[in-house]
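Only one structure is covered here, and it is reproduced in the block below.
The values are calculated or read from the model by the stated rules, or taken from the named source; none is laboratory data. From a predicted model like this one, the values you see are computed outputs, not experimental measurements. For neighbour counting, all protein chains shown are included, and Cβ atoms are generated from backbone atoms with ideal geometry for every residue, glycine included.
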Amino acid sequence: MNRPHNKSKKVKSRYLVTGSVIALLIAATPYIFYSYTSFPRTKTWETFLFTYHANWYDEIYVSVWTMMGKFIPILLLAIWFITCKHWWYHVILIPIGMFAFQLFSVINDDVGIVDEVEIWWLFPIMLFIIPLVYLIKAKLANSMKEHDLKSFEEELSQQKSFWQQLKDLF
């Protein structure tokens, strides 16, 4: 009889640790962002692992400042995507993709101007995600109108193949 209680304690403990790590990570984002101030104010940075040369930017710390301006939103949006329990959470992938392409453009400083053509790379992602979210919304709205909440939960708990789920949407 103590065994289920112990499992419940373990689940609560794991939940508390996970939540604490996520909260600590979110709270640390300003410190992560301002880490650019610790980078050198030169055009070339040599370490024992690599040499970084700022081509597009005049100084290393400006380059890192720009990278952090793209990385921090990706980090916060990824946390939101992972922890979101709403039906529309897939839409968060669109700004994640936008910031990821911008970060790639910053890292690949041969590109020239940042924040200009990422929308064309995001277009195929948006073509997939927006209809997916709409279909999920339509399925939820249809199920909520036709059934009570208990039968809706039972339907969600059934194991179905991908093709069966797709067929149920239409």
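How many of the residues in region 48-70 are without any contact (Cβ under 8 Å) to a residue 40 or more places away in the chain, surrounded by 13 or more Cβ atoms within 10 Å (Cβ to Cβ) and either part of a loop (DSSP other than H, G, I, E, B) or under 27 Å from the mean Cα position of the chain (by Cα) (or both)? Summing the residues that are without any contact (Cβ under 8 Å) to a residue 40 or more places away in the chain, surrounded by 13 or more Cβ atoms within 10 Å (Cβ to Cβ) and either part of a loop (DSSP other than H, G, I, E, B) or under 27 Å from the mean Cα position of the chain (by Cα) (or both) in region 48-70 gives 9. Looking only at region 71-113, residues that are outside any helix (DSSP H, G or I) and of a type in the set (Val, Ile, Thr) come to 2 in all.
The residues on offer are TRP56, TRP45, TRP65, and the sole one that is in contact with a Gly (Cβ under 8 Å, 6 or more places away or on another chain) and farther than 26 Å from LEU132 by Cα is TRP56.
Taking the conditions exactly as written (surrounded by 13 or more Cβ atoms within 10 Å (Cβ to Cβ), modelled with pLDDT of 75 or more and either aliphatic (A, V, I, L, M) or in contact with a Ser or Thr (Cβ under 7 Å, 6 or more places away or on another chain) (or both)), does VAL106 satisfy them or not?
Yes.
ASP115 satisfies every condition listed in (1) modelled with pLDDT of 80 or more; (2) under 24 Å from TYR34 (Cβ atoms) except (1).
For a quick check of your reading of the model, give me the residue pairs whose first member lies in region 33-47 and is in a helix (DSSP H, G or I), whose second is surrounded by 13 or more Cβ atoms within 10 Å (Cβ to Cβ), with beta-carbon atoms closer than 6 Å and at least 6 apart or on different chains. Listed pairs, sorted by first residue: PHE33/MET68; PHE33/ILE72; TYR36/TYR61; TYR36/VAL64; TYR36/TRP65; TYR36/MET68.
Scanning region 75-82 for any residue that is surrounded by fewer than 12 Cβ atoms within 10 Å (Cβ to Cβ) and modelled with pLDDT of 80 or more turns up at least one such residue.
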